[in-house]
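What follows is a short report on a single structure.
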Amino acid sequence: MTEPSSVERDRMVQKQLRARGIRSESVLDAMGQVPREWFLPPGQQHLAYRDQAVPLSCGQTVSQPYMVAVMTEALQLRPADRVLEVGTGSGYQTAVLSRLAAEVFTVERIPELAHEAEAILQELGHANVHFLVGDGTLGWPDEAPFDAILVTAGAPDAPSSLKSQLAEDGGRLVVPVGDRYLQELVRITRHGNNFDSEDLLACRFVPLLGAEGWGGSEAG
Ligand code: SAM
């Protein structure tokens, strides 16, 4: 008999997240609530609670649960925070953020992915998420400043537009920075005009394409 997804999800939280050092109870709780199987392509639901990224349409991926947890914990979210996410993808990470922050603004460059994610999040009742199709390397200037910004694709450098859209009193930007194949997850914290940078861990993401990402002309 197939196990209920809540049992598999609890096991994922204990074995893949808590046992590997994720300490934030609010992050563990949020990841224990979001049904990851909803965000996977048809026929892939059996992979929902495995310790791996899962291929999505348009050559993109749904990130590994552990990586989602590390990035979310690194954002140090508080319930009143307004968060910008660059790279909606399937919407799984968006759903986790929406359980931890007051409002989530998410930008995706591929319309098909953005629309699918929006439909799923609406069906699951995540009413505090706002969607935009476009180049997220430029942020969402009309909604700035943000208490936290998460980039879910690998960048050649932290986009300056995103740094400038951080709240001046401790806004956090978490972004994978490196070459096209291997990056370091970096957290940049803003204090006025000072930006403190911390390296968190090595990671591998699909490229962030766009004006302040890789190959502006490919980003079309
Ligand atoms: N966190 C997502 C999830 O849980 O499904 C996975 C995100 S996937 C690793 C990275 C996403 O970033 C892709 O959907 C890709 O299309 C998107 N992306 C890449 N460059 C972008 C840009 N400039 N603006 C917005 N989205 C971008």
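Summary table below
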read-out	value
Residue check, GLY59 within 8 Å of the ligand (Cβ to nearest atom) and over 21 Å from ALA19 (Cα atoms)	no
Residue count, the stretch 101-117 (criterion: of a type outside the set (Val, Ile, Thr), closer than 22 Å to PRO55 by Cα and either in a loop (DSSP other than H, G, I, E, B) or within 15 Å of the chain's Cα centre (by Cα) (or both))	5
Qualifying position, being under 22 Å from ARG204 (Cα atoms), modelled with pLDDT of 95 or more and of a type in the set (Gly, Ala, Ser), among GLY125, GLY136, GLY171	GLY136
Some residue of the stretch 2-21 being in contact (Cβ under 8 Å) with a residue 60 or more places away in the chain and of a type outside the set (Lys, Arg)	no
Single unsatisfied condition, ILE120 versus (1) among the β-branched types (Val, Ile, Thr); (2) assigned to a helix (DSSP H, G or I); (3) buried (at least 20 other Cβ atoms within 10 Å of the Cβ); (4) touching a Gly at 6+ places or on another chain (Cβ under 8 Å)	(3)
Pairs, first farther than 23 Å from ALA74 by Cβ in the stretch 28-46, second in a loop (DSSP other than H, G, I, E, B) and away from the ligand (no atom under 11 Å from the Cβ), C-beta under 6 Å, six or more apart	GLU37/ALA48; LEU40/ALA48
Selected residue [aliphatic (A, V, I, L, M), buried (at least 16 other Cβ atoms within 10 Å of the Cβ), closer than 15 Å to VAL104 by Cβ and in contact (Cβ under 8 Å) with a residue 24 or more places away in the chain] from LEU166, LEU208, LEU132	LEU132
Selection status of PRO176, within 22 Å of THR61 (Cα to Cα), surrounded by 21 or more Cβ atoms within 10 Å (Cβ to Cβ) and not aromatic (Phe, Trp, Tyr)	yes
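Per-residue answers, yes or no, for (1) away from the ligand (no atom under 16 Å from the Cβ); (2) more than 24 Å from TYR92 (Cα to Cα):
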position: PRO145; (1), (2): yes, no
position: GLY154; (1), (2): no, no
position: PRO159; (1), (2): no, no
position: GLN165; (1), (2): no, no
position: VAL177; (1), (2): no, no
position: HIS191; (1), (2): yes, yes
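Yes/no per residue for (1) within 12 Å of the ligand (Cβ to nearest atom); (2) closer than 24 Å to GLU212 by Cα; (3) of a type outside the set (Val, Ile, Thr); (4) part of a helix (DSSP H, G or I):
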| residue | (1), (2), (3), (4) |
| --- | --- |
| GLN52 | no, no, yes, no |
| TYR66 | no, no, yes, yes |
| ARG78 | no, no, yes, no |
| LEU84 | yes, yes, yes, no |
| THR94 | yes, yes, no, yes |
| ARG99 | no, no, yes, yes |
| HIS126 | no, no, yes, no |
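The values are calculated or read from the model by the stated rules, or taken from the named source; none is laboratory data. Quick caveat, the model's predicted, so the values are computed rather than measured. Note: ideal-geometry Cβ built from the backbone for every residue, glycine included; neighbour counts use all protein chains shown.
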